[in-house]
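*Asks:* I'd like to ask some things about the structure below.
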Amino acid sequence: MADLDRVREALRASMTAWATLEVRGDQARVNPAPDLDSLAAHLERVDAGWGIEWACDSVQPFVVRAKLTVCGVTREGLASAPTLGDAKLAALAEVARVYGVSPASEGHWVEYDPDEGPNTTHLDEETDPPPPPPSKLPPEPPRDPQMEKARRHIEDLLEQLKAAGKGGDAARILMRGYGETLDESRKIYKDLQTLLKG
């Protein structure tokens, strides 16, 4: 079974293109779609043998079928758009939707120039960058300088106890760590000092 989460991440991270779904005068409705170059780079990490097939079912309007195969699993998307390129992007966006990666809305209306195409500048600015991958470890809390100093004192004392052949007894005192608070750390330090003197 394909690692669907990794495929979804690849699709989500590559949603940086815009497919023009329809044009009405000087307005166009656009929808986010995966950028093929970006998607290829991301999918390469998931499955080096991934592939995509295109079929043009109609040319007036353009209707394109996209079949994405990753890790032996194929998903298909079908979409229509005014140009072949936009139909391909829209079909790829439909594949992303089949994987569970879909845009927040049914498209945006933007200014359209026949020569320049849709003006998605303000949409690109609104689009948040993909979230960073989750870290395996939770972020470390900010360090307390006094706790750091207490930890160093305990470690110095621990070295003296090991040198004195009392490392095992010291380890039993440190079973629960160096203390969660400064008072706990001070108590552990005093216990270790007593052990060293005893």
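The values are calculated or read from the model by the stated rules, or taken from the named source; none is laboratory data. Worth saying up front: this structure is predicted, and the values here are computed from it rather than measured. Glycine gets a Cβ as well: all are built from the backbone with ideal geometry, and neighbour counts include every protein chain shown. Just the protein is used for accessible areas: all its heavy atoms, side chains included, with ligands, DNA and RNA removed. Shrake-Rupley method; radii C 1.70, N 1.55, O 1.52, S 1.80 Å.
*Asks:* Could you please find all residues in the stretch 49-61 being of a type in the set (A, V, I, L, M, F, W, C) and either part of a loop (DSSP other than H, G, I, E, B) or at pLDDT below 90 (or both)?
*Replies:* Result: 50, 59.
*Asks:* Okay, moving on. Do you know which residues across the stretch 115-126 are surrounded by fewer than 14 Cβ atoms within 10 Å (Cβ to Cβ) and at pLDDT below 85?
*Replies:* Correct list: 122, 124, 125, 126.
*Asks:* Still on this structure, I have one more. Search the stretch 84-109 for residues that are over 15 Å from residue 14 (Cα atoms) and crowded, with 23+ Cβ neighbours inside 10 Å and pair each with any residue that is at pLDDT 90 or above and of a type in the set (S, T, N, Q) when their beta-carbon atoms are under 7 Å apart and the residues are at least 6 apart or on different chains.
*Replies:* From the stretch 84-109, the pairs are 86/20; 87/80.
*Asks:* Here is a check on your reading of the model: is residue 64 part of a strand (DSSP E or B), touching a Cys at 6+ places or on another chain (Cβ under 7 Å) and either open to solvent by 30 Å² or more (accessible area, probe 1.4 Å) or at pLDDT 90 or above (or both)?
*Replies:* On the way: part of a strand (DSSP E or B): yes; touching a Cys at 6+ places or on another chain (Cβ under 7 Å): yes; either open to solvent by 30 Å² or more (accessible area, probe 1.4 Å) or at pLDDT 90 or above (or both): yes.
So residue 64 passes the test.
*Asks:* I need the full set of residues from the stretch 39-61 which are within 12 Å of residue 9 (Cα to Cα) and not aliphatic (A, V, I, L, M), in order please.
*Replies:* Result: 42, 45.
*Asks:* For residue 44, only one of the following conditions fails: (1) free of Cβ contacts under 8 Å to residues at least 12 places away in the same chain; (2) more than 16 Å from residue 5 (Cα to Cα); (3) of a type outside the set (Val, Ile, Thr). What is its number?
*Replies:* The number of the failed condition is (2).
*Asks:* Name the single residue, out of those in the stretch 84-104 being within 21 Å of the chain's Cα centre (by Cα) and not aliphatic (A, V, I, L, M), that is modelled with the highest pLDDT.
*Replies:* 94
*Asks:* Kindly provide the set of residues from the stretch 162-198 that are open to solvent by less than 70 Å² (accessible area, probe 1.4 Å), at pLDDT 85 or above and not hydroxyl-bearing (Ser, Thr, Tyr), ordered by number.
*Replies:* 164, 165, 166, 182, 188, 191, 192, 193, 195, 196 - these are the residues of the stretch 162-198 that are open to solvent by less than 70 Å² (accessible area, probe 1.4 Å), at pLDDT 85 or above and not hydroxyl-bearing (Ser, Thr, Tyr).
*Asks:* Tally the residues that are of a type in the set (A, V, I, L, M) and either in a strand (DSSP E or B) or within 17 Å of residue 86 (Cα to Cα) (or both), restricting the search to the stretch 12-48.
*Replies:* Selection size over the stretch 12-48: 10.
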